[in-house]
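Input: a single structure, listed below in structure tokens.
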Amino acid sequence: MNSRLHPEDRAEHARTISDSSIKIEGDDVLVIKPSNKIGRLGLPQVWESKYLLKYFVLRSIRGRYRPTTMGYGWIIFRPLLLCLVYVGVFGHLVGVKTDPIPFPLFVFLGISLYLFFSGTVSDTASSLMNNAGIMSKVYYPRLIVPLTSLFVNVMDLLASFVVIVGLMLVYGVYPGWNVAYFPLFLAGLALASFALGLVLAAHSIKRSDIMMALPVIMRVMVYAMPCVYPIAMVPKKFLTLYYMNPMASLIQGIRWSLWDEVPPPLWSVGLAAVLIVIGIYYGLVAFTRAERTMVDSL
């Protein structure tokens, strides 16, 4: 489109295309802006580039596991190895009891969920720095980068659930009617992890201290959620404070939906839902604002 127009023609042209939020400023600048709030958050652009997102996800999965000797076996071996450590420490040394659920099954589910949460938050938060090189050379919707981290970790979690289902069959643990809520709690866990990672990704561009402190925080978080111990071990006077952590509510909800354990309070589930919505929206807004200068900052 030629932007060198007579002033009268330029004014008429701007009126003609104003409905699509495109206007001409100055002599040589064509400004194109999204016409709605959803467009400003970058979601339609990601949908238009969904095939690029698929390519990024497959490339990340291959790049993570193909160079290793065990290959894709690490998807299962990593949570299994941690499970053996926690079974030895908490099951035999500390003597944690999770009856009637066998402790190995209890811990393997908790560790798989924790690895998903930790991996999604860490990978999403560092995704911009890790892809700074390609982003400075080629334009594509920047939101694809953190979404790639989310979907890669989702694939790992789904692979872990194959083992979890197998363990449930071996131990004779079968879900009841409340398994219908399992997808909702699992989706909530994914959205909460992504929201936190997205906020950290947006702010870590100018605050490098976030990435230095994140590994330490992730190691502490394993004990702030019912991953390797049952909720019954939490003193009653601390339960209200404990359930204010959305991840604790969601993980306990997943356990309740799979084998009818103690359900999380309704108020904590509602609080988690509200915080997830706020976190996703704030994360998208912060990410969109940081997107304008992220290439120069990185």
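Some values worked out for this structure:
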{"quantity": "Considering residues of the stretch 54-72 that are loosely packed, with under 13 Cβ neighbours inside 10 Å and small (Gly, Ala, Ser) only, the residue farthest from the chain's Cα centre (by Cα)", "calculated": "71"}
{"quantity": "Answer residue from the stretch 110-133, given it is part of a helix (DSSP H, G or I) and without any contact (Cβ under 8 Å) to a residue 24 or more places away in the chain and is farthest from residue 214 (Cα to Cα) among those", "calculated": "133"}
{"quantity": "Verdict on residue 271 being modelled with pLDDT of 90 or more and in a helix (DSSP H, G or I)", "calculated": "yes"}
{"quantity": "Checklist (1) under 26 Å from residue 204 (Cβ atoms); (2) over 18 Å from the mean Cα position of the chain (by Cα) applied to residue 84, failing item", "calculated": "(1)"}
{"quantity": "The stretch 235-249 residues that are in the same structural domain as residue 113 (by TED's automatic domain parsing), paired with ones that are among the β-branched types (Val, Ile, Thr) and not in a helix (DSSP H, G or I) (beta carbon under 6 Å, 6 or more apart)", "calculated": "242/234"}
{"quantity": "So residue 90, is it in the same structural domain as residue 227 (by TED's automatic domain parsing), within 27 Å of the chain's Cα centre (by Cα), in a helix (DSSP H, G or I) and aromatic (Phe, Trp, Tyr)", "calculated": "no"}
{"quantity": "Residues satisfying the stated conditions in the stretch 203-250, i.e. among the aromatic types (Phe, Trp, Tyr), crowded, with 16+ Cβ neighbours inside 10 Å and part of a loop (DSSP other than H, G, I, E, B)", "calculated": "229, 243"}
{"quantity": "Residues satisfying the stated conditions in the stretch 173-194, i.e. of a type in the set (Ser, Thr, Tyr) and assigned to a helix (DSSP H, G or I)", "calculated": "181, 193"}
{"quantity": "Any helices (runs of 4 or more DSSP H) falling wholly within the stretch 27-86 and containing at least 1 residues that are in the same structural domain as residue 282 (by TED's automatic domain parsing) and modelled with pLDDT of 80 or more", "calculated": "50-65, 74-86"}
{"quantity": "Criterion violated by residue 282 - all others in (1) over 23 Å from residue 104 (Cα atoms); (2) free of Cβ contacts under 8 Å to residues at least 60 places away in the same chain; (3) of a type in the set (Phe, Trp, Tyr) satisfied", "calculated": "(2)"}
{"quantity": "Any hit, the stretch 170-189, residues being farther than 18 Å from residue 226 by Cβ, β-branched (Val, Ile, Thr) and at pLDDT below 90", "calculated": "yes"}
{"quantity": "Criterion (hydrophobic (A, V, I, L, M, F, W, C), buried (at least 18 other Cβ atoms within 10 Å of the Cβ), in contact with a Gly (Cβ under 6 Å, 6 or more places away or on another chain) and closer than 18 Å to residue 59 by Cβ) met by exactly one of 150, 143", "calculated": "143"}
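The values are calculated or read from the model by the stated rules, or taken from the named source; none is laboratory data. Model, not experiment: these values are computed from the prediction. Every residue, glycine as well, gets a Cβ built from its backbone with ideal geometry; the counts of neighbours run over all protein chains shown.
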